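Colleague: Dumping the structure here so I can ask a few things about it.
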Amino acid sequence: MPDHDPAALRALTARLRAAGSVFAEDEAAVILDEADGDAVRLRSLLQRRLAGEPLEVVVGWASFCGHRVRVVPGVFVPRRRTELVVEEAAPFLQVGDSVVDLCCGVGAISVGLIVTVGLLDLVAVDIDPDAVEVAAENLAGRAVAVVGDLFEPLPDRLRGAVTVVAVNAPYVPTDAIALMPPEAREHERRVALDGGADGLDVHRRIAAGVGEWLRPGGAVVIEVSAEQADASAALFTAAGLEARIARDEDRDATVVVAVRPA
């Protein structure tokens, strides 16, 4: 990170902290970097952030697995906790393996897997066409991004041949969306957040359908909250997979890893 004028960094940090930013100094440094000495741009970026837009949307990118992925207004912003999906999925994979990234958003998990493992036979799927457009840009020809509802748009050649299905499906219970930070509930589309009454509606659909797409020994790796993890794992166990829960306390990250028996 470049050196910043200490006075400018302090002033920006104070304004962001007064607006409620938890990571005010880090955000101030990112905004100063993006402004790159342009006072007009600095003012615009700061005003947008103070108005409640997510920092990642303000600057146009999010950091994920050590790489920048593009984000645009309205789409789901990748969170650092989702890196655990990549870390748990990668050991199952070798270069060239077939992978499906369900509910891909801007393709952060896909990018993370490609930079970690190497080129894969990867299809990223999301129901939001705007997110898929950004995912295609982030994937830059290294994988295919398609619009559709879960498994519906997948090519038949992947049936029974997928090594990993990686997922960050919406899992916020409907009534809990009102309790989310404004930058999420006001700036991300509900379809990317709402998981139904208990948050697990999409998990149920994935558990019911994933078995026919996984090869023997293949795995679904799906993000969930710590409170929902046991219930989510039970869905995949009931579907005939062998499920376990992985947790990273530092990132407040939880995933269910469910393997199709060989």
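Colleague: Just a yes or no: is a residue in the range 203-212 of a type outside the set (Asp, Glu) and under 18 Å from residue 92 (Cα atoms)?
Modeller: Yes; the residues of the range 203-212 include at least one that is of a type outside the set (Asp, Glu) and under 18 Å from residue 92 (Cα atoms).
Colleague: Which condition number in (1) within 13 Å of the chain's Cα centre (by Cα); (2) touching a residue at least 12 places away in the same chain (Cβ under 8 Å) is the one that residue 45 fails?
Modeller: Only one criterion in (1) within 13 Å of the chain's Cα centre (by Cα); (2) touching a residue at least 12 places away in the same chain (Cβ under 8 Å) is unmet by residue 45, namely (1).
Colleague: Give the residues of the range 52-99 that are more than 14 Å from the chain's Cα centre (by Cα), under 18 Å from residue 163 (Cα atoms) and of a type in the set (Val, Ile, Thr), sorted by residue number.
Modeller: Hits for the range 52-99 are 95, 99.
Colleague: Would you check which residues across the range 155-213 are farther than 19 Å from residue 143 by Cβ, among the hydroxyl-bearing types (Ser, Thr, Tyr) and touching a Ser or Thr at 6+ places or on another chain (Cβ under 7 Å) and list them?
Modeller: Once the filter is applied, which keeps residues that are farther than 19 Å from residue 143 by Cβ, among the hydroxyl-bearing types (Ser, Thr, Tyr) and touching a Ser or Thr at 6+ places or on another chain (Cβ under 7 Å), the range 155-213 yields only 171.
Colleague: Among all residue pairs at least 6 apart or on different chains, which show Cβ distances below 6 Å where the first residue, located in the range 118-138, is within 12 Å of residue 102 (Cβ to Cβ) and modelled with pLDDT of 95 or more and the second is charged (D, E, K, R) and surrounded by fewer than 17 Cβ atoms within 10 Å (Cβ to Cβ)?
Modeller: These pairs meet every condition: 127/149.
Colleague: Here's a follow-up. When the range 199-211 is examined, which residues are found to be crowded, with 18+ Cβ neighbours inside 10 Å, assigned to a helix (DSSP H, G or I) and among the hydrophobic types (A, V, I, L, M, F, W, C)?
Modeller: 202, 206, 207, 210
Colleague: Sticking with this structure for a sec: Can you pull out the residues in the range 9-23 that are among the small types (Gly, Ala, Ser) and at pLDDT 90 or above?
Modeller: 11, 14, 18
Colleague: Test of understanding: among 184, 176, 161, 239, which residue is in contact with a Gly (Cβ under 9 Å, 6 or more places away or on another chain) and modelled with pLDDT under 95?
Modeller: Matching residue, one of 184, 176, 161, 239: 176.
Colleague: To continue, here is another question. Do you know which of the residues in the range 156-191 that are open to solvent by less than 40 Å² (accessible area, probe 1.4 Å) and of a type in the set (S, T, N, Q) is farthest from residue 216 (Cα to Cα)?
Modeller: Filtering first and then ranking leaves 168.
Colleague: Okay, next question. Kindly evaluate residue 196 against the criterion of being out of contact with any strand residue (DSSP E or B) (no Cβ under 6 Å at 6 or more places or on another chain), in contact (Cβ under 8 Å) with a residue 12 or more places away in the chain and either of a type in the set (Lys, Arg) or open to solvent by less than 20 Å² (accessible area, probe 1.4 Å) (or both).
Modeller: Yes, satisfied.
Colleague: Give the residues of the range 64-108 that are out of contact with any Ser or Thr (no Cβ under 6 Å at 6 or more places or on another chain), at pLDDT 95 or above and small (Gly, Ala, Ser), sorted by residue number.
Modeller: 89, 96, 105, 107, 108
Colleague: Ok, one more. Name the residue that is nearest to residue 206 (Cα to Cα), counting only residues in the range 158-185 that are aliphatic (A, V, I, L, M) and either assigned to a helix (DSSP H, G or I) or out of contact with any strand residue (DSSP E or B) (no Cβ under 9 Å at 6 or more places or on another chain) (or both).
Modeller: So the residue we want is 158.
Colleague: Please specify each residue of the range 139-157 satisfying the condition of being assigned to a strand (DSSP E or B) and out of contact with any Gly (no Cβ under 9 Å at 6 or more places or on another chain).
Modeller: Passing the criteria: 144, 146, 147.
Colleague: Next question. Out of (1) over 18 Å from the mean Cα position of the chain (by Cα); (2) touching a residue at least 40 places away in the same chain (Cβ under 8 Å), what's the single condition that is false for residue 176?
Modeller: Status for residue 176: all satisfied but (2).
Colleague: State all residues of the range 212-247 that are within 23 Å of the chain's Cα centre (by Cα), open to solvent by 70 Å² or more (accessible area, probe 1.4 Å) and acidic (Asp, Glu); if no residue qualifies, say none.
Modeller: 227, 230
Colleague: Another question, if that's okay. Find all pairs meeting these conditions: Cβ atoms under 6 angstrom apart; at least six residues apart or on different chains; first residue within the range 145-157 and of a type in the set (Val, Ile, Thr); second residue modelled with pLDDT of 95 or more and open to solvent by less than 40 Å² (accessible area, probe 1.4 Å).
Modeller: 146/125; 146/153; 147/132
The values are calculated or read from the model by the stated rules, or taken from the named source; none is laboratory data. The structure presented is a predicted model; accordingly, all values stated were derived computationally and were not measured. No Cβ is skipped: glycine too gets one built from the backbone with ideal geometry, and neighbour counts run over all protein chains shown. Side chains included, ligands, DNA and RNA excluded: accessible areas come from the protein's heavy atoms. Shrake-Rupley method; radii C 1.70, N 1.55, O 1.52, S 1.80 Å.
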